[in-house]
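Encoded as structure tokens, the structure appears first; notes follow it.
The values are calculated or read from the model by the stated rules, or taken from the named source; none is laboratory data. Source: prediction; values computed, not measured. Cβ atoms come from the backbone with ideal geometry, glycine included; neighbour counts cover every protein chain shown. Heavy atoms of the whole protein, side chains included, go into the accessibility calculation; ligands, DNA and RNA do not. Shrake-Rupley method; radii C 1.70, N 1.55, O 1.52, S 1.80 Å.
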Amino acid sequence: MKAFLLAAGKGTRLRPLTDTVPKCLVDIQGRPLLSIWFELLGRAGITDVLINTHHLPEVVERYVHEHTPPDLRVTLFHEKELLGSAGTVKHNRDFIGADPETLIIYADNLSSIDLRAFLQFHQRKQSLFTMGLFRAAAPEECGIATLDADKRVVAFTEKPKNPVSDLANAGIYAMSRELLDLIPDQPLADFGYDIIPQLVGKMYGYLIPGYYMDIGTWERLERARREWPGRI
């Protein structure tokens with residue numbers, strides 16, 4: 001099975017650190033984020049991963065060449081111009097091949113998620129698209145989902161002014177291959193804005209047990225460095 005690790009972001013809110021360190025390689029208690037994701041993917045039986053690059057691509061490439069585990073094959077895909085999260089997946093449909101399902105992970109998140117359990121949930125629901133969720137302290141800053149009793153997403157709003165839920169998009173997705181045809185052919189396509197709103201009532205939400213943190217700001221990065229248990 002295959003996965004995308006989306007790692008092209010510039011990490012502007014973490015400057016000056018990200019002037020020299022890509023966000024996907026930010027250190028968490030002595031380990032870069034990519035190292036943690038490589039371990040999580042390996043535990044789930046993922047054999048192939050595509051990492052997209054844009055900001056400081058040579059730093060990511062060097063890390064991948066020197067630190068990829070022997071049982072994981074990594075494809076690097078450089079984006080001179082950003083394609084967006086969904087655009088990257090659409091552009092690399094040949095990487096997916098005939099696989100019925102694919103994982104898509106924003107590589108600048110820190111989590112202890114059991115990806116095998118996440119995939120089993122996706123398969124059990126026979127879902128077109130499954131979105132990992134976490135409970136947000138500030139839901140007005142996130143994409144917020146509302147679930148029914150069957151864990152189906154019945155509402156989704158990006159950064160609502162008056163959120164009715166605290167279940168936030170974690171940037172961890174399981175996608176069935178059929179979804180590729182719903183991604184528009186346009187220069188920039190984003191899952192949060194262009195795809196997920198179309199899937200309300202057709203996709204499922206999975207509340208991530210264990211640890212999750214988007215490390216996109218200094219406050220959250222420092223908190224993650226304090227809280228992370230140091231093991232998965």
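Here are a few things to note about the model shown:
- In a residue-by-residue description of the range 204-217, the property of being outside any loop (DSSP other than H, G, I, E, B), modelled with pLDDT under 95 and polar (S, T, N, Q) applies to no position.
- Qualifying residue in the range 151-161 (condition: on the phi > 0 side of the Ramachandran plot and out of contact with any strand residue (DSSP E or B) (no Cβ under 6 Å at 6 or more places or on another chain)): yes
Yes/no matrix, rows are residues, columns are (1) part of a helix (DSSP H, G or I); (2) surrounded by 15 or more Cβ atoms within 10 Å (Cβ to Cβ):
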| site | (1), (2) |
| --- | --- |
| Val74 | no, yes |
| Leu83 | no, yes |
| Ala86 | yes, yes |
| Lys90 | yes, yes |
| Ala98 | no, no |
| Ile104 | no, yes |
| Leu110 | no, yes |
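- Taking first residues from the range 148-166 that are under 15 Å from Met203 (Cβ atoms) and partners that are open to solvent by less than 60 Å² (accessible area, probe 1.4 Å) and of a type in the set (Phe, Trp, Tyr), the Cβ contacts under 6 Å between residues at least 6 apart in sequence or on separate chains come to Lys151/Tyr204; Arg152/Tyr204.
- Residue check for Leu180: open to solvent by 80 Å² or more (accessible area, probe 1.4 Å), in contact with a helix residue (DSSP H, G or I) (Cβ under 7 Å, 6 or more places away or on another chain) and either touching a residue at least 24 places away in the same chain (Cβ under 8 Å) or in a loop (DSSP other than H, G, I, E, B) (or both): no
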